[in-house]
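Everything on this sheet refers to the single structure shown next.
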């Protein structure tokens, strides 16, 4: 009895397809620098499809408990957390759960900014900010990542999650 083919409704399969789209856009742009495709934009969309969607859908303790120190040791953290003042009852950014909580909020509320409008991923630094959802609240979390490090983070995250639940 054969298994049904995976669909985009499966979180990991959606992430794999997101990776394929990114690789296609990146290859197209490198082969033709004048092609009207945008690798930095696709990388940002890949953050949504590869990282944020799984965070929202997968509740796996082995994933969310992974520490920042472990990711750094393994060489795929890549983020420079430059502001980390959690609101009462929340912890500082120590685990993947903490990081993904802030990234999800930054993406969902349009709090990503880019250091340049360059078409080259290597020329861009992405800044993500989180802010509590209450009147008068100020940004309480900010992190930066270079374009190449964001690519590495997304692909490494997918490999990590795929290895546990895929």
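Taking each residue as 0.36 nm, the span from residue 74 to residue 34 lengthens on full extension beyond its C-alpha to C-alpha distance by 10.8 nm. Residue ranges 81-89, 2-10, 45-53 sort as 45-53, 81-89, 2-10 when ordered by packing (mean number of other C-beta atoms within 10 Å per residue, highest first).
Taking all C-alpha pairs of the stretch 16-70, those more than 18 Å from each other amount to 47 percent. If you split all Cα-Cα distances of the stretch 54-100 into 5 Å bins from zero, what percentages do you get per bin, shortest first? Computed distribution, short to long bins: 5, 20, 28, 24, 19, 5, 0. Matching the structure-derived Rg/Rh (Cα atoms, Kirkwood Rh) against the labelled list [x] 0.98; [y] 0.95; [z] 0.92 gives the label [x].
Pairwise over distinct Cα atoms, reciprocal of the mean inverse distance: report the Kirkwood radius of the stretch 83-134 in Å, one decimal place. Numbers along the way, then the final one.
On the way: mean 1/r = 0.0810 Å⁻¹.
Result for the stretch 83-134, one decimal place: 12.4 Å.
Per residue of the chain, the DSSP helices (runs of n ≥ 4 H) give a summed -39500 (n - 2.57) that works out to -14000 deg cm²/dmol at 222 nm. Summary of packing: across the peptides 127-136, 29-38, the per-residue average of other C-beta atoms within 10 Å ranks them, highest first, as 127-136, 29-38.
Read the figures in this text as sums done on the coordinates, not as results from a lab. Predicted model, so just to flag it, every value in this text is computed and none were measured. Reconstructed Cβ throughout: ideal geometry from the backbone, glycine too, with neighbour counts over all protein chains shown.
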